[in-house]
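What follows is a short report on a single structure.
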Amino acid sequence: MHLNIDHRTDYAFSEPQRRLVQLLRMTPVNFAAQTVMNWHIDVDCDARLRSHRDGFGNRVTMLYIDGPVENVALTVSGEVLTDDRSGMVEDAPEPLPAQAFLRATPLSRADDAIRTFAADVASAKSDPLERMHLLMQRLLEQIRFEPTLDAVERDAATAFAANKGVCQDHAHIFCAAARSMGIPARYISGHLFRRDGAEEQEASHAWAEAYLPDIGWTGFDPANGIGPDDAYIRVACGLDYRDAAPVAGLRIGGGDESLSVDVRVTQAQRQSQN
């Protein structure tokens, strides 16, 4: 599939800021299931951009803005060719061994309830791939998806106890449960093309990947109950949301900050006409 992405982030400050430093994980990398044709990061003010790869293999761009600044508009856009590989992640940058993704974090730590839930899944299926598919389906059934919830920093145990959450919650719970079974799992951030025609979205999407014997890293989207296909654009990975968040940073200056995000994922015009 030939997909276009337009991701705009607007910052507004009640007082002029002396300096802004932002870490952007907003540039996807090439691997077997996706090819980045072009990608641009634009800022509506004088800014310095420096790119590198982090310890997870993500493309990271550091954004530096010297003030005084009261408003900033950050626009990320590009084109990606995607292929349906049944969720399998092949030829992606992998600087870390899979076992590194067995480590729990404050956002993805399993409590007794999640461990019990995972043990029930493990007892039902012996094959690791079948276990992960069952885990995904049971999370879809048990954790009600509420995309309006604003709780990206909520931990897995809290979301599991509430029986509801956003896609970040589903990904955190999946990682916590998979790791409790001894299966490495990681958090993924990216974009999802909505086949129902909903082009405009309020945020990026999130799902998870598990490392399976004889298969390798494979994606699972427990918020939708499917494996990632050619409608998915994979951008960043990590142990949890904080490792893969599209934007993180700091500012020097007082006052309050407001933030708005608009994401638009569409098919290329030529493809949609065919």
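Can you pull out the residues in the stretch 213-249 that are surrounded by fewer than 19 Cβ atoms within 10 Å (Cβ to Cβ), in contact with a Ser or Thr (Cβ under 8 Å, 6 or more places away or on another chain) and either not assigned by TED's automatic domain parsing to the domain that holds Arg194 or not in a loop (DSSP other than H, G, I, E, B) (or both)?
Residues satisfying the conditions are Arg242, Val247.
Is the stretch 164-174 home to any residue that is on the phi < 0 side of the Ramachandran plot, surrounded by fewer than 21 Cβ atoms within 10 Å (Cβ to Cβ) and not in a helix (DSSP H, G or I)?
Yes, the stretch 164-174 contains at least one residue that is on the phi < 0 side of the Ramachandran plot, surrounded by fewer than 21 Cβ atoms within 10 Å (Cβ to Cβ) and not in a helix (DSSP H, G or I).
When the stretch 10-41 is examined, which residues are found to be surrounded by 20 or more Cβ atoms within 10 Å (Cβ to Cβ) and either under 18 Å from Val76 (Cβ atoms) or small (Gly, Ala, Ser) (or both)?
Correct list: Tyr11, Leu20, Gln22, Leu24, Arg25, Met26, Pro28, Ala33, Gln34.
Please go through the stretch 52-105 and pick out each residue that is free of Cβ contacts under 8 Å to residues at least 40 places away in the same chain, farther than 23 Å from Ala203 by Cα and outside any loop (DSSP other than H, G, I, E, B).
The one that is free of Cβ contacts under 8 Å to residues at least 40 places away in the same chain, farther than 23 Å from Ala203 by Cα and outside any loop (DSSP other than H, G, I, E, B): His52.
Checking Thr158 against (1) over 19 Å from Tyr187 (Cβ atoms); (2) without any contact (Cβ under 8 Å) to a residue 40 or more places away in the chain; (3) assigned by TED's automatic domain parsing to the domain that holds Gly225; (4) not small (Gly, Ala, Ser): exactly one of these is not met. Which one?
(1)
The values are calculated or read from the model by the stated rules, or taken from the named source; none is laboratory data. Bear in mind that the values here come from a model prediction, so they are computed numbers and not experimental data. Glycine also receives a Cβ, built like all others from the backbone with ideal geometry; neighbour counts cover every protein chain displayed.
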